[in-house]
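Sending over a structure as structure tokens; questions will come in a sec.
The values are calculated or read from the model by the stated rules, or taken from the named source; none is laboratory data. Computed from a prediction, not measured in an experiment: that's the story for all the values here. Positions of Cβ are generated from backbone atoms using ideal geometry, with glycine treated the same way; all protein chains shown enter the neighbour counts.
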Amino acid sequence: MTVKVEPFKIKVVEPIKLISKNERLKKMEEARYNIFRLKGEDVYIDLLTDSGTSAMSDHQWAGIMEGDESYAGSKSFFNLERVIKKITGFEYVVPTHQGRPAENILFSQLIKPGDVVPGNAHFDSTQAHIIHKGGKAVNLLLDEAYDPKTYHPFKGNVNIEQLENLIKSQRDNIPFFLMTVTNNTIGGQPVSMENLRRTRKLLSGFGIPLYIDAARFAENAYFIKLREPGYGEKEVKDIVREMFSYADGCIMSAKKDGLVNIGGFIALNDKKLYEQCCELLILLEGFITYGGMAGRDLEALARGLEEVIEEDYLAYRIDQVNYLGKKLDDAGIPIVQPPGGHGIYIDAKSVFPRIPQSQFPAYTLVVEMYIEAGVRAAEIGSVAFAKKDEITGKTDYPRLELTRLAVPRRVYTYRHMDFVAEGVIHVAKKKDKVKGFKIAYEPKTLRHFLADFARVE
Ligand SMILES: Cc1ncc(COP(=O)(O)O)c(C=O)c1O
């Protein structure tokens, strides 16, 4: 059989409704063109994010009933701790309610003002937390990562030569290196085992610890199985274990590959650092056996982490995203190649060549997709990442201007992907008529969440 199907039956359904185009136009105006202000019920297919949007299995829902709500010593925490230790090999587990408190707690211990934190490409909240502690976040990617058209099996790899040069000039200011797997910012692209191994070797020579941002560790491991010589016959759980073996610890937003709607953790081997993190955890999140999660959330996460490394699931997951990418590519829509693990990233500069980066082509595509098809996407471009120099007033634009269609896990079918593709193709046909946007109001940090936009006349 060649037809691919979802490896599950659907036991509960949640109705969705496509409101009319006039209503969608009105909703957009009311939201001051910020898609974060739209109500979920006004969105037909929601590809804003794959974070916290997964559908849980019946086994996880059963865990919700069985969750132990003890303030201290919850059985569900010990289940979760056992699973994380088994999967990652790390000794100590600090639970948090999502990824950014894990960043906040770990970085508070490791970063001091003036430090430089290199990574393959930091996610926006990660970068914001590094800056918040007085550090500087440096992204060191391969040149291929900045060219959406070039095929490279591991576009998430760190550029080892650049890393070595940075270490030689800044050794005393580098508290650790952060490897994000897969790499969200540039297309959900994986990091190879060879790159992880080489990075570890380089860092060890200078005594610099390596941490993994593990939000999508299972998707990364599956790409290694598919694409890296020598790994095709290995089990995903063993690939995962090897990935983590090159690190001193990890932070994880479990809202992605944890297959849950809320959750996160830090896992590490350094006992002293673990104890310091626990002190801050109690101050910021809660006691060390729940860390901001309910007992039922801990239980659902323990089960989700075991399900996410099942090979049937991962084969379907990666194939469904690839299916959407192929539909768009066949229709001539320029996407980041090859398709990533958790979504398809459209090269918006090529879709709207007449809209300059100062008028946000990737964001314009997001707005148009909602108006035309009721599909909500996210911008990973100049709204999120352009930086204005306070002294010169000059704006530094990111090299890539991407619109991300993030696919929630186990939520939509292949047929939903057909609808999304049709919507994008329809918008692209109108490219000469579409006008860009300007920012009417912006907050100081992470402006994409709270900004107001207006159409350029
Ligand atoms: C790679 C990566 N790291 C960290 C985070 C932050 O996690 P959270 O949203 O759970 O705070 C995200 C969120 O999307 C992410 O993609």
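When you go through S76, S70 one by one, which is the residue that is buried (at least 22 other Cβ atoms within 10 Å of the Cβ), more than 16 Å from the ligand (Cβ to nearest atom) and in the same structural domain as R296 (by TED's automatic domain parsing)? Reasoning before the result, please.
On the way: S70 fails: buried (at least 22 other Cβ atoms within 10 Å of the Cβ).
Result of the check over S76, S70: S76.
Next question. Is at least one residue of the range 398-413 farther than 30 Å from I131 by Cβ, loosely packed, with under 14 Cβ neighbours inside 10 Å and in contact (Cβ under 8 Å) with a residue 24 or more places away in the chain?
Checking the range 398-413: at least one residue is farther than 30 Å from I131 by Cβ, loosely packed, with under 14 Cβ neighbours inside 10 Å and in contact (Cβ under 8 Å) with a residue 24 or more places away in the chain.
Then there is this: Quick one: I346 ticks every box in (1) assigned to a strand (DSSP E or B); (2) surrounded by fewer than 24 Cβ atoms within 10 Å (Cβ to Cβ); (3) not hydroxyl-bearing (S, T, Y) except a single one, so which number is it?
(2)
Which condition number does R354 fail, the rest of (1) buried (at least 24 other Cβ atoms within 10 Å of the Cβ); (2) more than 18 Å from R447 (Cα to Cα) being met?
If we test R354 against (1) buried (at least 24 other Cβ atoms within 10 Å of the Cβ); (2) more than 18 Å from R447 (Cα to Cα), just (1) comes out false.
Turning to a different aspect of this structure: Looking only at the range 5-49, count every residue that is more than 19 Å from L405 (Cβ to Cβ), hydrophobic (A, V, I, L, M, F, W, C) and either in contact with a Gly (Cβ under 9 Å, 6 or more places away or on another chain) or not in a loop (DSSP other than H, G, I, E, B) (or both) and tell me the total.
Matching residues across the range 5-49 total 2.
Keeping to the range 415-454, report how many residues are basic (K, R) and in contact with a strand residue (DSSP E or B) (Cβ under 7 Å, 6 or more places away or on another chain). So that I can check it myself, show each step before the final result.
As a first pass, look at the range 415-454 and keep what is basic (K, R): 415, 429-431, 433, 435, 438, 444, 447.
Now drop any that are not in contact with a strand residue (DSSP E or B) (Cβ under 7 Å, 6 or more places away or on another chain), which leaves 435, 438.
Total meeting the criteria: 2.
Give the range 292-350 a look and list any residue that's under 18 Å from T53 (Cα atoms) and of a type in the set (S, T, N, Q), or say none.
Scanning the range 292-350 gives a single hit, Q320.
Pull out all pairs, ordered by first then second residue, where Cβ-Cβ is under 6 Å, the residues are six or more apart or on different chains, the first lies in the range 61-75 and is in contact (Cβ under 8 Å) with a residue 12 or more places away in the chain and within 18 Å of T289 (Cβ to Cβ), and the second is assigned to a helix (DSSP H, G or I) and of a type in the set (S, T, Y).
Short answer, once both residue conditions are applied: G67/S76; D68/S76.
Picking from F176, F217, which residue would you name as being within 23 Å of the chain's Cα centre (by Cα), among the aromatic types (F, W, Y), surrounded by 24 or more Cβ atoms within 10 Å (Cβ to Cβ) and within 16 Å of the ligand (Cβ to nearest atom)? Walk me through it before giving the result.
Values: F176 fails: surrounded by 24 or more Cβ atoms within 10 Å (Cβ to Cβ).
The conditions single out F217.
Taking the range 260-286 only, how many residues are of a type in the set (A, V, I, L, M, F, W, C) and either more than 15 Å from L80 (Cα to Cα) or not assigned by TED's automatic domain parsing to the domain that holds R216 (or both)? Break it down stepwise before answering.
Within the range 260-286, the first condition is being of a type in the set (A, V, I, L, M, F, W, C), and the residues that meet it are 260, 262, 265-268, 273, 277-278, 280-284.
Still in the running and either more than 15 Å from L80 (Cα to Cα) or not assigned by TED's automatic domain parsing to the domain that holds R216 (or both): 273, 277-278, 280-284.
Final tally of qualifying residues: 8.
Being within 16 Å of the ligand (Cβ to nearest atom) and surrounded by 15 or more Cβ atoms within 10 Å (Cβ to Cβ) narrows it down to one of I64, I87, I105, so name that one.
Values: I64 fails: within 16 Å of the ligand (Cβ to nearest atom); I87 fails: within 16 Å of the ligand (Cβ to nearest atom).
None of the other options fit; the residue is I105.
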